[in-house]
Amino acid sequence: MKSILTGIMAALGLFAGVATTIAQTPDTIAQIKQRGTIVVGVKNDYKPWGFLDPSGKIVGMEIDLVDEIAKKLGVKVELIPVTAANRMEFLNQGRTDLVIATMGDTEARRKVVGMIEPNYYAGATNVLAPKSANLKKWEDLKDRKVCAVQGAYYNRRVTQLYQPELIVFPAVPDALNALIGGNCIAFLFDDTLIVSTLAGGDQKWAGYEMPLTSEDPQLWAIGVRLTDLDAPFGKLIKEMSVDWHKSGKLLELEKKWGIKSSPYLVEQNKKLSGS
Amino acid sequence: MTTTQPIVVIENVEKRFGALVVLKDVSLTVKRGETICIIGPSGSGKSTLLRCINALAPIDKGQITVDGIAVNDPALDKLALRRRVGVVFQQYNLFPHKTALQNIMMAPVQVLKEDKVEVEARARRLLAKVKLSEKADVYPGELSGGQQQRVAIARSLAMNPKVMLFDEVTAALDPETKKEVLHTIRELATEGMTCVLVTHEMGFAREVADHIYFTDGGVIVEHGPPAEFFARAKEERTRAFLEQVL
Amino acid sequence: MQPVAEFFRWLADAHGINLTIFYDSVDRSRFLTGLFTTIWLSIVCIFLSILIGLTGALIQGAHSPIPRAAVRSFVQFFRNTPPLVQLAFFYFAVSALLPMVTDRHGVKVPLIDNVGWAIISFSLFAGAFNVEIFRSGIEAVPKSTIEAAEALGYTRVKAYLYIIMPLAFRVCLPALGNNLVNLVKTTTLAYAIGVPELLYAAAQIWSEVLNVREMMWVLLFTYIIIVAVLVFVMHRWERALRIPGYSA
Amino acid sequence: MRTLSGTTDLPVLLPRRMPSATEWGAADGARFFGSRTWLFLLLAMSALSVAAQASDAPARAGIVETVWKWMPLISSGFLFNLLVSAASMVLGTALGVLLGLGQISLHPSVRKASWTLTQFFRNAPWLVLLFFAMFLLPFELRIGGLVIPLPAWLKAIIGLSLPVMGNVAEIVRGGIRSIPTGQWESAESLAFSRMQILWQIIIPQAVKRMIPPWMNLYAILTMATTLISVVGIQDAMTLTRGALVAEARTDLYLPLYFMLLLMFFAYCYPIARLTLMLERRFAVNA
């Protein structure tokens, strides 16, 4: 057994060797310009931030932000759909230059990726549930089937605090489909998405509600590699971010995509525009 | 031990495979204790006839009776028939996953629900009879063709049949092992077992048979006691055949 | 256990090889639960798939053409469509057609949960292969052997039980082993519907601890070991059933 | 540890071993059987869709129209699945042939390493290998001055080609070993070199026996391409799921997923039939 194990190790050595040689990028802006394309990790299942229109194109508020950045750099855009479980990996591997994918800005994540401040949005945790589930408080979730998505930061916290039976799916559509199909009584998610989903006035969500008090407010951040955070690339994005707040761009986009006005954006706009 | 009492009666039997007629108006009678041999060229319907006797193949016309049981009766009690008739095949067909002894014991225990201890004693006696006592715990795959065939004979005998059918049982064997098998059959015949043999062994047929039937093209061309049959065949076809094989 | 935990904690700090499953009790229990679920799921599905295979093979031996054609369609359909889509089909689509039951909170919930559908889906998938395997095994038993049994007075059922099945099973065993190995590997798909098996547990750990590389190796080796154990068991079984002088 | 090799071949999925032509005689039987299968599937389909209709009585837009609306998008996804399957097959076959030949190498170390790799990639779950490739491969390869970017779809192709490689290696090894040693010996006695024997005598004979399991593997791979949806690459499965979220109608689940199943069936079933046919033809000649 032992000899075989070493054999496998040796045989795979080559493979692993290749896998570990991840080049560190020195000057991201130059690289992007040379390539002529900025590669960005975005959501394709998170209406209205990043989602598919029937033609299969990814659109949404975050995609508009990506376009702004590309315009500034004078390059084309390549969108890479990411999930909560892989977005930071992709960024750090260099598969994407940037990630704008409804990513919560947490202490743990700051060790892994560079979070751009000011944050472009703020969300909190809540659940989407059919009215018939009759949920009143977070404690009602105990031992009930609750759908969630792999890699979301609030999964662990909610599990520890309220002990639901969490069914975690690889992607949002799976979880939503499971919710609609009655496979779980609630879908644990960002309240912003839930609000915008319900506010859309779509008949199909008529029987659903966001019954709980949002908890655990969380700022969303654009992510860059840690090495880029204080480099020209990171600085550029920071500047643009400030600009978006100041000029009211974010508020405007919020309206465009039918997102319920967020107090955070209003406050930031006031603060930064100095009015 | 030949009596005049018939045990197998075949009357005007016809058997077809689709449009092909394999047996046409075949009639023959086997008396208790008699040994008969059916000879004839390949494809003349000899083996089919044996299979019809044991209801392995249904007949299309006519009548077969074995020890008073009408084989072609739709309400035939197959078990009753098969208790009375033992068959030994050209390819032995032993059950490869059971030892020689187990092969002999299987049917009496599982089909006839007889007592295991008694059956084992009987099986060991039968193994001794076919001179394979020392091979009791050996699997068929480890036995020679002749040995396997003798176990197959013992397996059939374990059911205490009244008639034994042998379907070219030595055809797949080499001359040496052939002798052992023929010896076993000869013993059976002299002990008074009713035997029906399909065979190509003319010398053996002449020696053990009470009666010889010659079939060709699905019909019985000619039959008679061996001395007469081999010396003075009446039909041209029989003579041509005998000339070829003798 | 303490020194082991200490070692891995040191490994994480000093070399960045972060195997939390060896020193973090939450992650360890998550991983072990996943491992246990995978093994349990595999065993249940192996058992059910063999049952489905035997039933299907028996029906295929029937005289009436309609049940035969039904089994054949079942086999072909499940063999020629992706197991992942089958799983989604059952969990999302078929589940929605079934009547709902009321749980103890008075809310209507589906009759069968994700674990249940995973079991059903994988058992049918592997079962479809087993039908073919058992059938080819039965067909490998020479007609003459069956005839010999018949000549000894065996009824059809008894011949199946005592002669055909024991022989067919030996012929099938290597192919059956392969299919069961495949079944164990297929259980990873349950991840897609949130069944907390091994891959799910590993993914939860790496998305929180961000130790993808380490967990990936752990996963691969764990599965290789599970498969090796199954292959070993099947091999021993094959050897135990081997008949001297008989090659299946 | 020999347990991982030996008689148990192709644990990934069994080669489609079908009965000999005895039961349903050769071609006619096969055609008959084919039409039966389709008939049953159609019956099942209509029964299920009736059930789906009934389960949601006040039907909004007709189910058929809605399915039709999404059909082009999902079909394009399906085409992508096929593309991925073809690319993975080419890559996996190329690597697998090398690995398979490595297993009959005269160098024990090459043999051992090839064997180990083969066993490893054959016995690891496809989905785990896919995750492995997605997460652990770098985003670009630098070989000297050459930079080869590895976008996600390419990684997925590599990820799927790993198990293909292991299985092809086993098919190659099995195929070569199935040629009787007499062929080697007689060629050797005619003073052929080892390479000549392999390429001019053994492999031409073995290829015929390798084709059916290889095609079978391809069908399995095609079905496995849906796994890329789990690691976040857009394929027919992802798009089906997306369409379902967009519509949010439970009565659509069944027809849409069933349509997806049918797409794969329509592609893989003929391959299975063809495999079977070739298997029989080669078996007769062998």
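Would you give the gap between the C-alpha center of region A:60-91 and the C-alpha center of region D:198-264, rounded to a whole Å?
29
Return the average number of partner chain Cβ atoms within 10 angstrom of each residue Cβ along peptide A:77-87.
Across A:77-87, the average partner-chain Cβ count within 10 Å equals 4.
Looking only at other chains, what is the average number of their beta-carbon atoms within 10 angstrom of each beta-carbon in A:161-172?
Taking all residues of A:161-172 together, the mean is 4.
Taking the simple approach of a point 7 Å from Cα along Cα-to-Cβ for both A:Lys270 and B:Ala121, what is their distance in nm?
Once both label points are built, they end up 10.9 nm from each other.
With the Cα gyration tensor of chain A in hand, convert its eigenvalues to equivalent ellipsoid semi-axes via √(5λ) and list them largest first in whole Å.
Numbers: eigenvalues 203, 160, 56 Å².
The three semi-axes for chain A are 32, 28, 17 Å.
Could you state the principal axis extents of the C-alpha atoms in the protein assembly as shown, from the largest down, to the nearest angstrom?
134, 73, 54
List the relative contact order of chain A as a percent without decimals, with contacts defined as Cα pairs under 8 Å and 6+ residues apart.
Values: 460 pairs, mean separation 61.7, N = 275.
The value is 22 percent.
Taking the Cβ of each residue in A:Glu62, C:Glu150 as the centre, tally the other Cβ atoms inside 10 Å and list the residues starting with the fewest.
If I rank by nearby Cβ atoms, fewest first, I get C:Glu150, A:Glu62.
If each residue's Cβ is checked for other Cβ atoms within 10 Å, how do B:Lys61, A:Lys246, A:Lys256 rank with the fewest at the top?
Fewest-to-most Cβ neighbours within 10 Å comes out as A:Lys256, B:Lys61, A:Lys246.
Go through the protein assembly as shown and flag any cysteine with no other cysteine's C-beta closer than 4.7 Å, please.
Within the protein assembly as shown, the cysteines lacking a partner Cβ under 4.7 Å are B:Cys37, B:Cys52, B:Cys195, C:Cys45, C:Cys172, D:Cys268.
For the pairs A:Lys136/A:Lys249; A:Lys33/A:Lys255; A:Lys47/A:Lys131; C:Lys108/D:Lys69; A:Lys204/A:Lys249, note any where the Cα-Cα span goes beyond 25 Å.
A:Lys136/A:Lys249; A:Lys33/A:Lys255; C:Lys108/D:Lys69; A:Lys204/A:Lys249
Which residue, B:His200, B:His211, B:His97, has the most motion in a Gaussian network model of chain B that connects Cα atoms within less than 10 Å?
B:His97
Kindly provide log₁₀ I(q)/I(0) values, in the same order as q = 0.19, 0.21, 0.24 Å⁻¹, from the Debye equation applied to equal alpha-carbon scatterers of region A:50-124.
Values returned for q = 0.19, 0.21, 0.24 Å⁻¹ are -0.92, -1.11, -1.38.
Apply the Kirkwood formula to region A:20-165: the hydrodynamic radius equals the inverse of the mean of 1/r over all pairs of different alpha-carbon atoms; give it in Å with one decimal.
17.3
If you build a Gaussian network model of chain A, linking Cα atoms that sit under 10 Å apart, which residue out of A:Asp140, A:Asp174, A:Asp202 swings the most?
A:Asp202
Working from the alpha-carbon coordinates of chain C, get Rg over Rh, Rh being the Kirkwood radius.
When Rh is taken as the Kirkwood radius, the ratio is 1.09.
Given a Förster distance of 30 angstrom, what is the FRET efficiency for A:Lys204 paired with D:Ala86, based on the Cβ-Cβ distance and rounded to 0.05? Don't jump to the answer; show the numbers that get you there.
On the way: r = 38 Å, r/R0 = 1.26.
Taking R0 as 30 Å, the efficiency between A:Lys204 and D:Ala86 is 0.20.
Could the peptides C:235-245, C:197-207 be put in order, highest first, of the mean number of other beta-carbon atoms found within 10 Å of their residues?
Sorting C:235-245, C:197-207 by mean packing, highest first, produces C:197-207, C:235-245.
Across region A:124-218, what fraction of all alpha-carbon pairs, as a whole percent, falls in each successive 5 Å bin from zero upward?
3, 15, 28, 30, 19, 6, 1
Quick one: what Rg and Dmax do you get for region C:120-159 from the alpha carbons, in Å?
Expressed in Å, the Cα Rg and Dmax of region C:120-159 come to 14.4, 43.
If you average the alpha carbon positions of region C:50-108 and of region B:193-246, how far apart do those two centres end up, in angstrom?
With region C:50-108 and region B:193-246 each reduced to a Cα centre, they are spaced 61 Å.
Would you mind ranking C:Val233, D:Val168 so that the residue whose beta carbon has the fewest other beta carbons within 10 Å leads the list?
Numbers: C:Val233 13, D:Val168 28.
With the fewest neighbours first, C:Val233, D:Val168 line up as C:Val233, D:Val168.
What does the average come to when, for each residue of peptide C:223-234, you count the partner chain Cβ atoms lying within 10 Å of its Cβ? Numbers along the way, then the final one.
On the way: counts 6, 9, 3, 2, 8, 7, 1, 3, 10, 4, 1, 3.
Rounded to a whole number, the mean comes out at 5.
Taking just the alpha carbons, could you work out the radius of gyration and Dmax for region D:71-222, both in angstroms?
18.1, 62
Tell me, what HN-Hα J-couplings in whole Hz come from the Karplus equation 6.51 cos²θ - 1.76 cosθ + 1.60 at θ = phi - 60° for each residue of region B:206-219, using x for Gly and Pro?
For region B:206-219, the Karplus-derived couplings read 4, 6, 9, 6, 8, 8, 10, 10, 10, 10, 7, x, x, 10 Hz, x marking Gly and Pro.
Using alpha carbons only, how many degrees (0 to 90, rounded to 10) separate the axis of helix B:145-157 from the longest principal axis of chain B?
Around 90 degrees separate the two axes.
With an 8 Å cut-off on Cα pairs and a minimum separation of 6 or more residues, tell me the relative contact order of region D:151-286 in percent.
In percent, rounded to a whole number, it is 28.
Taking a quarter of the surface of the convex hull around the Cα atoms of region B:101-213, what do you get in nm²?
That works out to 7.2 nm², a quarter of the Cα hull's surface.
What FRET efficiency would be calculated for the residue pair B:Asp174, C:Val44, taking the C-beta separation as r and a Förster radius of 60 Å, to the nearest 0.05?
Efficiency computed from Cβ-Cβ geometry: 0.65.
Gaussian network model of chain C, Cα springs within a sub-10 Å range: biggest mean-square fluctuation belongs to which of C:Val71, C:Val231, C:Val109?
Looking only at C:Val71, C:Val231, C:Val109, the largest GNM fluctuation is found for C:Val109.
When you count, for each residue, the other Cβ atoms within 10 Å and take the mean per peptide, how do D:155-163, D:81-89, A:71-79 rank with the highest first?
Taking the mean over residues of other Cβ atoms within 10 Å, the ranking is D:155-163, D:81-89, A:71-79.
Every number in this text was worked out from the coordinates using simple rules, so none of it is lab data. Here the structure is a predicted model, which is why all the values come from computation and not from measurement. Methodologically, a virtual Cβ is constructed for each residue, glycine included, from the backbone with ideal geometry; neighbour enumeration extends over all protein chains shown.
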